[in-house]
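Below is one structure, written out as structure tokens, with a few remarks after it.
The values are calculated or read from the model by the stated rules, or taken from the named source; none is laboratory data. This one's a predicted model, so the numbers in the text were calculated from it and none came from an experiment. With ideal geometry, Cβ positions are generated from the backbone for all residues, glycine too; neighbour counts draw on all protein chains shown.
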């Protein structure tokens with residue numbers, strides 16, 4: 001099944017994929033790229049894939065997955081290598097098992113088509129391999145242009161094409177669809193008064209009102225804050241990892257979707273006795289456990305202290321590195337007191353709050369000490385101090 005040149009190629013793939021896999025695992029915000037790469041590899045071995053449509057099958061799987069969980073640029077960067085790794089594993093296991101039991105031809109069911117797909121993705125000639133990688137990445141980019149998770153049916157008609165080994169009888173008259181893709185609609189950069197538009201990513205009216213108070217924009221013209229703050233509910237994947245990493249990646253994804261300057265925020269409630277948990281996952285803990293359940297998490301600990309944290313991220317647009325602002329307020333976790341309509345406010349009693357929980361404070365009292373006001377206060381100072389640079393960056397997009 002293997003020949004000398006094939007063995008060298010196989011070894012090259014394994015060594016390079018190991019490096020790429022380590023890069024993905026240590027720099028990506030989730031493991032989801034590994035899941036989709038395995039699914040794409042096996043789609044190439046499906047009945048459709050084996051009919052000289054292996055790349056088309058992989059691209060279709062990627063489109064369906066990306067419509068629900070949008071991959072980051074870093075995650076997409078190593079897809080070809082990760083798919084090749086999965087194919088190499090199928091080839092190796094199938095060939096080895098067949099050598100142990102040559103009477104069982106079923107063992108070659110995946111091994112032979114996996115090797116064929118591997119040869120397609122990882123050509124023996126280095127120049128041809130580079131051209132193939134470029135073409136494959138263009139196809140995968142095309143697959144990721146469609147990311148509407150709300151659509152009843154995810155269409156893939158633009159991804160239906162034969163593998164390169166199939167003669168294209170219409171090549172001379174075919175239109176290169178990649179050149180006809182319409183770029184994302186550019187977002188309006190300024191309002192009618194000439195103020196730069198910044199979108200706060202939220203559909204929560206309470207959050208919007210609070211941020212408007214803190215920034216002092218209130219959606220009106222301000223000489224101190226020369227920006228027009230608007231809001232938008234944007235569907236973003238639930239990321240996992242370090243709070244700062246989550247905030248940065250979320251802001252990058254939001255800027256791509258909004259196609260303009262954005263503000264995102266991620267809020268955590270951290271219990272010192274639990275080394276910072278629930279942290280950024282407080283929303284899910286609150287939904288499942290409620291206020292009483294969150295208190296029960298600390299029943300076995302004498303330390304009831306914690307801190308509220310908001311990390312605000314600001315980006316001037318797609319492809320720009322977000323600026324990060326970290327606001328914290330120390331306090332204690334207590335039984336719920338006050339209004340129950342704003343998250344976990346009833347169970348957090350800040351040290352500076354005069355024995356009141358957030359939920360028992362007036363808006364003015366809370367704004368003066370809250371984690372959110374501190375993070376957005378840092379943002380406000382940044383937006384004012386760097387307004388010329390920021391507006392120039394926004395206008396570039």
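The lone criterion from (1) more than 27 Å from the chain's Cα centre (by Cα); (2) in a loop (DSSP other than H, G, I, E, B) left unmet by residue 329 is number (2).
Going by what's in this entry, would residue 54 be described as closer than 18 Å to residue 119 by Cα and at pLDDT 85 or above? Answer is yes for this residue. Exactly one residue out of 249, 265, 256, 287 is closer than 23 Å to residue 334 by Cα and not assigned by TED's automatic domain parsing to the domain that holds residue 70: that is 287. Would you confirm, using the coordinates I've provided, whether residue 308 is surrounded by fewer than 20 Cβ atoms within 10 Å (Cβ to Cβ) and within 17 Å of residue 267 (Cα to Cα)? No; evaluated as a whole, the condition is false for this residue. Can you confirm whether residue 317 is within 20 Å of residue 365 (Cβ to Cβ) and in the same structural domain as residue 247 (by TED's automatic domain parsing)? For residue 317, the condition - within 20 Å of residue 365 (Cβ to Cβ) and in the same structural domain as residue 247 (by TED's automatic domain parsing) - is not met. Residues of the range 81-101 that are touching a residue at least 60 places away in the same chain (Cβ under 8 Å) and within 15 Å of residue 140 (Cα to Cα): 81, 82, 84. Does residue 300 count as without any contact (Cβ under 8 Å) to a residue 60 or more places away in the chain and in a loop (DSSP other than H, G, I, E, B)? Taking the combined requirement at face value, the residue satisfies it. Only a single item in (1) assigned to a loop (DSSP other than H, G, I, E, B); (2) over 30 Å from residue 379 (Cα atoms); (3) in contact with a helix residue (DSSP H, G or I) (Cβ under 7 Å, 6 or more places away or on another chain) is not met by residue 295, and it is number (1).
Residues in the range 31-47 that are at pLDDT below 80 and surrounded by fewer than 19 Cβ atoms within 10 Å (Cβ to Cβ): 31 alone.
Every condition in (1) modelled with pLDDT under 50; (2) part of a helix (DSSP H, G or I); (3) buried (at least 16 other Cβ atoms within 10 Å of the Cβ) holds for residue 5 except the one numbered (3). Could you tell me whether any residue of the range 382-391 is modelled with pLDDT under 95, buried (at least 16 other Cβ atoms within 10 Å of the Cβ), under 23 Å from residue 253 (Cα atoms) and out of contact with any strand residue (DSSP E or B) (no Cβ under 9 Å at 6 or more places or on another chain)? So far as the range 382-391 goes, no, none of its residues is modelled with pLDDT under 95, buried (at least 16 other Cβ atoms within 10 Å of the Cβ), under 23 Å from residue 253 (Cα atoms) and out of contact with any strand residue (DSSP E or B) (no Cβ under 9 Å at 6 or more places or on another chain).
Within the range 55-109, which residues are over 20 Å from the mean Cα position of the chain (by Cα) and not in a helix (DSSP H, G or I)? Matches in the range 55-109: 101, 102, 103, 104.
To keep it simple, each residue is scored yes or no on (1) assigned to a loop (DSSP other than H, G, I, E, B); (2) over 20 Å from residue 291 (Cβ atoms); (3) in the same structural domain as residue 281 (by TED's automatic domain parsing).
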{"position": "339", "(1), (2), (3)": "yes, no, yes"}
{"position": "343", "(1), (2), (3)": "yes, no, yes"}
{"position": "349", "(1), (2), (3)": "no, no, yes"}
{"position": "365", "(1), (2), (3)": "no, yes, yes"}
{"position": "368", "(1), (2), (3)": "no, yes, yes"}
{"position": "374", "(1), (2), (3)": "no, yes, yes"}
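Among the residues of the range 325-378, the ones that are at positive phi, in contact with a strand residue (DSSP E or B) (Cβ under 9 Å, 6 or more places away or on another chain) and surrounded by fewer than 17 Cβ atoms within 10 Å (Cβ to Cβ) come to 1 in all.
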